[in-house]
1. Return the residue satisfying two criteria in turn: it lies in segment 121-178 and is part of a loop (DSSP other than H, G, I, E, B) and acidic (D, E), and of such residues it is surrounded by the most Cβ atoms within 10 Å (Cβ to Cβ).
2. Every residue in segment 83-110 that is under 21 Å from A165 (Cβ atoms), assigned to a loop (DSSP other than H, G, I, E, B) and of a type outside the set (S, T, Y), please.
3. Tell me which residues, restricted to segment 62-77, are surrounded by fewer than 19 Cβ atoms within 10 Å (Cβ to Cβ) and touching a residue at least 12 places away in the same chain (Cβ under 8 Å).
Amino acid sequence: MVGRRGLIAAAAVVLVVGAAAADGHRQNRRREHGRKGSSEHAVPAVDNPAYQEACGACHFPLQPALLPSRSWRLLMAETRDHFDQALDLEAAQMAEIEAYLTANAAEKTPGALAQEIMESLGSSTPLRVTDVPVIRDEHRRLDPTVFERSSVAGRADCPACHPGATAGIYDGAEIPSR
């Protein structure tokens, strides 16, 4: 019969081995990400021409994985008042764009950044990527005058500071000097 000390020792071994295995798994994932040229702070690039054309005509077409599907559904439902603009899209175009956005939303996208976004949201449904808690908190660390510079068209001008934003890579930032 195994005594209490034996059970405690066995449990400790299981915890140590399990932690080491998990750490090794994380390191392997990081190496794999590095080989593929992706990052823990990356999401899939936009690959839908209808979305790129319709939304990119007015602003940087954000990757669907930066918001949950509930946010995209709400944004697409309010096309008459889309941040004080009316979206002039045909029903078929709207349906295609909404299907693309919700199928590729944060909760449906693997990767650390999408997971961080979902974990930070709780039950909230942000309508702006800049209202996602984990993204908002990262940007709060910056001097507010960064967003007033002529080279930055506002908080949603991701490529101004993140050169890889178009490809979905949000590692670090290159703060514009002007």
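1. Step one: list which residues in segment 121-178 are part of a loop (DSSP other than H, G, I, E, B), which gives 122-128, 132, 141-143, 149-157, 161-164, 168, 170-178.
If we keep only those that are acidic (D, E) too, we end up with 143, 157, 171, 174.
Numbers: D143: 8, D157: 16, D171: 13, E174: 10.
That would be D157.
2. Scanning segment 83-110 gives F83, N104, A105, P110.
3. Here is the first cut: in segment 62-77, the ones surrounded by fewer than 19 Cβ atoms within 10 Å (Cβ to Cβ) are 69-70, 73-74, 76-77.
Once the filter is applied, which keeps residues that are surrounded by fewer than 19 Cβ atoms within 10 Å (Cβ to Cβ) and touching a residue at least 12 places away in the same chain (Cβ under 8 Å), segment 62-77 yields S69, R70, R73, L74, M76.
Every number here is computed from the coordinates shown, using simple stated rules; none is lab data. Just so we're clear, the structure is a prediction, and the values are computed from it rather than from any experiment. When we count neighbours, we look across all protein chains shown, and the Cβ atoms used for this are built from the backbone with ideal geometry, even at glycine.
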